[in-house]
Each structure stands twice: as structure tokens, then as C-alpha cells.
Amino acid sequence: MDTVNDYRTGFVTLAGRTNVGKSTLLNRLVGHKVAAVTPRPQTTRRRIVGIRTDERAQIILIDTPGLHQPRGEMSRRMVETARRCLAEGEALVAVLAANAPLGGEDRALLDNVAALGRPVVAAINKIDLVGRERLMPLIAAVHALIPAAEIVPVSALKDDNIGELARVVAAMLPVGPPLMPGDEYTDQTERMLAEELVREKIFLAMREEIPFSTAARVEEFIDEPERNLTKIHALIIVERESHKGMVIGAAGRQLKAIGTAARLELEDMLGRRVFLELHVKVEKNWTSDPRKLKELGL
Ligand SMILES: Nc1nc2c(ncn2[C@@H]2O[C@H](COP(=O)(O)OP(=O)(O)OP(=O)(O)O)[C@@H](O)[C@H]2O)c(=O)[nH]1
Ligand SMILES: [Mg+2]
């Protein structure tokens, strides 16, 4: 193959039901952590771009919030964001999970992407959780629903068949030179990455509805290169007074644990020491307030 004349570049949207592993797949394809990953549904709230550049193609991936039945203003906006992103992709990756039967959301998604008439890959993720006897009927069912789609079984978690997925996706993109510098891998600023990481640690630490009604906002991000240090002040925004107490925890232990987990990963990501200061602030019913949602980029 002529690597100069056959170079391919384009935008590819990752879409799917919540929790199927879209963000894990994004991080794996990009080779860096750019999106938060948790076992809880509705982790991703906004459009996140990750870029995979190799000698044959530059795939500009758009991770999206999971498709679900919206409850309230924030989740309505999340689903709307996901829908808008679908229209942006020159090719689409419909992400499905191998360990669950095809549900209504999956079928609706496959219908939607088929109607868009763009090249589609159905990535069946989490194949590490099932045997052939469950995978084969699922592949057949997906094929019956969307015969034009390429079907690629993967495990984002175990890094299984990811190179094949990248090859199939790249082949669907238009020929053209890279659109982004080769060393750029996301559209997220370091501040945004820090917000996502703090929020991820809250999702991992807290139970019940708290993660769904909590956001993180970086108030200050100060680099001190001479000390190889970054000082970050972030607010954890909760919806109710009672949630504030739970996030802080007895003697501040919960908040401390969240802060330590986020700081360690931030230090790794930024390659320097991080001083992370977290405060919890109540903003009553922010998840249903359009103005507050907008302030948070949602
Ligand atoms: N066993 C297994 N688990 C996986 C795989 N990929 C993702 N997961 C897990 O599935 C859960 C959800 O992963 P995410 O990447 O956050 O899923 P998502 O589709 O982005 O979810 P939302 O952003 O909430 O819509 C996490 O606990 C992941 O570790 C996989 O290939 N195998
Ligand atoms: Mg996600």
C-alpha cells in the first residue's frame, strides 16, 4: 500500500447504549485516557474527541453520552448531544455489549445509523465475558438488523481485536492527509481532563444517585514549571445539602480518598506533581437548571 497516497482521515462517532464501553474503547483506540470510565451508567456527559494517528490513517473519534431514556434536563441534553454527534461522523461505530441481549436502545441505534446511510461498524464489545455460543447468535442478530454494517467483536478492556477495529474503521474514511498534528490526541484541555478525572473518582466512590447529580469544575489551574508542580483547585458540585455531607464523609475521609485517587492519576497524566484542592459546593437542583448546565458545558 502506498502510505502517502492512501492515507485516510476522518471523523468517526462512537455511539451506543450507556455502559457498553464506548469510553473504554475510545481510550484504548487512542492509547491515552481521555474519557472517564466507570461501571455506572451515564458516566460520559459531553462530546469528547480522541485522535488515533498511525502510518496509514488518522481517526478522529467522537465519544458520546450513552443512549438512554432521559430523566430530567441533564439527561435529555446528554441524549441530544449523542444524537447530534451521530450526524457528525463520516463513519459510525455502533457499540454493543456481548454480555447482554440486544435491547430496544440497541435496535433503535442500529435503525438510526442505517438511516444515516454512512459506513457503519457494529463493534460488539466485552467479548471477554461470553463464549462463542453466545457471541455467534448475537452476530447473526446484528447482521440481520443491519446487513450493510461490518461487525467486529472486541474487548476494549482486554485489548482484544482493537487493531482490527481500527483497520476496518480507517478503511471507511476518505483518502486525505491528517487534519491534526500527529502528537495531538484529544480536544480536551488539561482542565477538562482534570474535571473528568475528579468526576470519575466520585462515580467510583459514591453510591445511589449521588454520581448522577454531581459535577466537577476546575476553578484554578496554575502551572509552576520551576517546581515541576501544578496547583489545581476544583469544586465538586452537588445538588443537595445532604449530598455534600456524604461526599465529604466522616472526618472528611471520603473527600480525601476521592482527592488522593484523582491526584495520583493526574500526576501520572501530566507527568508532574499535582497539588489538588477540592471543595464541595451545593448548587440546588443544578441538573435541571439550563443556565447552570450551560456553565458546566452540558
Ligand atoms: N469485561 C469487560 N468490561 C468492559 C469492557 N469494556 C468496558 N468495560 C467496562 O464496562 C463499564 C462501562 O464502561 P464505559 O467505557 O464507561 O462505558 P460507556 O459506554 O462509555 O458508558 P457511558 O459513558 O455511561 O454511556 C466499565 O466498568 C468498564 O470497565 C470489556 O471489553 N470487557
Ligand atoms: Mg462513556
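Within segment 140-162, the residues that satisfy the criterion of being open to solvent by less than 70 Å² (accessible area, probe 1.4 Å), outside any strand (DSSP E or B) and farther than 17 Å from L26 by Cβ are A140, A141, V142, L145, I146, A149.
Quick grid of which residues meet (1) crowded, with 23+ Cβ neighbours inside 10 Å; (2) under 24 Å from I139 (Cβ atoms); (3) away from ligand 2 (no atom under 14 Å from the Cβ):
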| site | (1), (2), (3) |
| --- | --- |
| V12 | yes, yes, yes |
| V20 | yes, yes, no |
| Q42 | no, no, no |
| Q58 | no, no, yes |
| E90 | no, no, yes |
| G103 | no, yes, yes |
| G117 | no, yes, yes |
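Scanning segment 4-31 for residues that are under 12 Å from the mean Cα position of the chain (by Cα) and either more than 14 Å from ligand 1 (Cβ to nearest atom) or β-branched (V, I, T) (or both) returns T13, T18, V20, T24, V30.
V34 meets each of the listed conditions (1) assigned to a loop (DSSP other than H, G, I, E, B); (2) within 7 Å of ligand 1 (Cβ to nearest atom); (3) open to solvent by less than 10 Å² (accessible area, probe 1.4 Å) apart from (2). Within segment 225-239, the set of residues being assigned to a strand (DSSP E or B), open to solvent by 10 Å² or more (accessible area, probe 1.4 Å) and in contact with a Ser or Thr (Cβ under 7 Å, 6 or more places away or on another chain) is empty. Residues being away from ligand 2 (no atom under 16 Å from the Cβ), within 20 Å of G21 (Cβ to Cβ) and β-branched (V, I, T) are entirely absent from segment 71-86. Checked against (1) aliphatic (A, V, I, L, M); (2) over 30 Å from E239 (Cα atoms); (3) open to solvent by 40 Å² or more (accessible area, probe 1.4 Å), L165 passes all but a single condition, namely (3). Being within 16 Å of ligand 2 (Cβ to nearest atom), free of Cβ contacts under 8 Å to residues at least 60 places away in the same chain and more than 15 Å from L165 (Cα to Cα) is the requirement here; does R47 meet it? It is true that R47 is within 16 Å of ligand 2 (Cβ to nearest atom), free of Cβ contacts under 8 Å to residues at least 60 places away in the same chain and more than 15 Å from L165 (Cα to Cα).
The values are calculated or read from the model by the stated rules, or taken from the named source; none is laboratory data. Quick caveat, the model's predicted, so the values are computed rather than measured. Methodologically, a virtual Cβ is constructed for each residue, glycine included, from the backbone with ideal geometry; neighbour enumeration extends over all protein chains shown. Side chains included, ligands, DNA and RNA excluded: accessible areas come from the protein's heavy atoms. Shrake-Rupley method; radii C 1.70, N 1.55, O 1.52, S 1.80 Å.
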